[in-house]
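One structure is given here, and the rest of the page talks about it.
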Amino acid sequence: MPDAPLILLGLVILAALAFDFINGFHDTANAIATCISTRALSIRSAILMAAGLNFVGAFVSTHVATTIGKGIVDPGDVTQIVVLSALAGAIFWDLVTWHYGIPASSSHAIIGGLIGAVVAARGFRPLQWSGISKILIAIVVSPVVGTLFAFLMMVAIYWVFRRSHPSPLNRAFRKLQILSAAFMAFSHGSNDAQKSMGVITLALVSFGAMPVFHIPLWVIASCATAMALGTAMGGWRIIKTVGSDFVTLQPVHGFCAETSSSAVILTATAMGIPISTTHVITSAILGVGLSQGRKKVNWKVGIRIVWAWILTIPASAAAGYFAYRVLSPFLVKL
């Protein structure tokens with residue numbers, strides 16, 4: 001029978017892959033909600049494309065994983081129980097928001113869960129405030145940039161094609177939207193799959209299996225696979241909220257929202273910033289909605305989404321804190 005620390009490491013890895021799987025079906029809407037709502041792709045084709053490109057995108061970079069593993073807390077103050085508790089808090093919040101069809105951020109859920117679990121175990125000292133402040137700035141900046149970029153792109157397209165008839169224009173953009181949805185799925189995998197990579201590597205360093213923080217290839221492949229499988233499950237409730245309840249979309253709108261979101265996400269990935277793909281695509285959809293006038297936006301749904309954004313880190317941090325208090329007395333005896 002393996003010794004107790006090895007059992008805990010196994011539990012952490014399983015929990016991290018479970019989180020990545022849940023992240024996949026929770027955030028499926030990020031990549032495909034718009035192309036399904038505009039009927040650019042069938043549901044089956046959209047899901048298969050998103051799953052495949054999420055997998056491929058996960059291999060692009062490990063900058064975000066490094067930020068998660070080293071930029072939020074000091075790895076030397078992290079134990080297996082802390083990481084397991086952080087994952088439990090993040091999974092709890094993801095499932096709650098999925099149940100109510102709210103497009104909250106899985107990225108911020110794992111960040112909040114990690115903060116709460118560390119505070120429960122060690123207090124506030126191990127927190128890396130420079131890394132946390134970078135994430136908090138991105139929470140504010142990325143939706144603003146997503147909204148503005150999509151709005152300006154939509155206005156530019158309206159101006160360029162102002163003399164074109166809507167029907168052929170939408171037919172053309174329905175085809176272009178397949179490319180933009182593929183771009184969005186790829187960018188989603190490039191950023192979101194790295195969260196679990198960082199958490200698993202953090203656990204490996206804590207266990208002593210690795211002398212320095214470095215993302216192994218098997219960790220990348222495992223997380224990419226888990227997210228792709230989760231994406232293939234589809235998150236229908238959130239797809240409906242993002243794709244039709246918030247703003248009614250035509251193919252040209254979906255193209256602008258996906259293209260602008262992808263550009264913002266890939267830029268953040270290159271900078272190693274773990275932004276929320278959910279925030280970016282939702283704010284981009286807001287931008288294309290505003291380009292048609294304020295009445296085109298369902299503000300009741302928008303307010304519900306924003307409240308979820310505000311509550312995600314505090315709620316998942318509280319869940320991570322509570323999970324540590326509950327799990328620690330039992331797991332410490334292993």
**Study point:** Entry for Cα Rg over 2.2 N^0.38 Å (calculated from the structure that is shown) out of (i) 1.10; (ii) 1.04; (iii) 0.99
**Key:** (iii)
Check your understanding: Using the Cα atoms of segment 139-195 to build a convex hull, what is its mean projected area in square nanometres?
Key -> 4.8
Practice item. Assuming a ≥ b ≥ c are the square roots of the Cα gyration tensor eigenvalues, decide whether segment 60-124 counts as rounded (a/c under 1.5), prolate (otherwise, with a/b larger than b/c) or oblate. Key: oblate
Exercise for review: Could you go through segment 139-153 in sequence order and give the Karplus-derived ³J(HN,Hα) for each residue, using 6.51 cos²θ - 1.76 cosθ + 1.60 with θ = phi - 60°, rounded to whole Hz, and x for Gly and Pro?
Suggested key: 4, 7, 6, 4, x, 5, 5, x, 5, 5, 4, 5, 4, 5, 5
Check your understanding: What order, most packed first, do the peptides 54-63, 131-140 have when packing is the mean number of other Cβ atoms within 10 Å of each residue?
Key -> 54-63, 131-140
Exercise for review: Only loop residues by DSSP count here, and only those with at most 14 other Cβ atoms within 10 Å; note down the trypsin sites (Lys or Arg not before Pro) in segment 289-334 that meet that.
Suggested key: Lys333
Practice item. When you have a sec, figure out the Kirkwood radius of segment 268-334 from all distinct Cα pair distances and drop it here in Å to one decimal? Key: 15.1
Revision key, fill the gap. Interchain or sequence-distant (5+) residues whose placed amide H lies within less than 5 Å of the amide H of Val73 are Gln128
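How many Å² of accessible area per residue for the chain, probe 1.4 Å? Walk me through the intermediate numbers first.
Working: 13700 Å² over 334 residues.
On a per-residue basis, 41 Å².
Can you tell me the equivalent ellipsoid semi-axes for segment 1-115? Use √(5λ) from the Cα gyration tensor, largest first, whole Å.
Result for segment 1-115: semi-axes of 30, 15, 14 Å.
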Review point. Could you work out the helix-only [θ] at 222 nm for the chain, with each DSSP H run of four or more residues adding -39,500 (n - 2.57) and the total divided by the number of residues, to the nearest 500 deg cm²/dmol?
Key: -26500 deg cm²/dmol
Check your understanding: Helix 4-26 sits at what angle to the longest principal axis of the chain, using alpha carbons and giving 0 to 90 degrees rounded to 10?
Key -> 10
Point to revise | Selection from Ser133, Leu176, Cys223, by position along the positive dipole direction of segment 133-224 (Cβ) | key: Leu176
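Rounded, prolate or oblate: which fits segment 91-210 when a ≥ b ≥ c are the square roots of the eigenvalues of the alpha-carbon gyration tensor, with rounded for a/c under 1.5 and prolate only if a/b beats b/c?
Since a/c reaches 1.5 and a/b is larger than b/c, the shape of segment 91-210 is classed as prolate.
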Review point. Going by accessible area, probe 1.4 Å, with all protein chains left in place, what is the ranking of Arg44, Arg122, largest first?
Key: Arg44, Arg122
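Taking square-rooted eigenvalues a ≥ b ≥ c of the alpha carbon gyration tensor, is segment 88-143 rounded, prolate or oblate, where a/c under 1.5 means rounded and, failing that, a/b exceeding b/c means prolate?
Oblate shape, in that a/c is at least 1.5 and b/c is the bigger or equal ratio.
The values are calculated or read from the model by the stated rules, or taken from the named source; none is laboratory data. Just so it is clear, the model here is predicted, and its values are computed rather than measured. FYI the Cβ positions are ideal-geometry reconstructions off the backbone, even for glycines, and counts take in every protein chain you see. All accessible areas refer to the heavy atoms of the entire protein, side chains included, with ligands and DNA or RNA removed. Shrake-Rupley method; radii C 1.70, N 1.55, O 1.52, S 1.80 Å.
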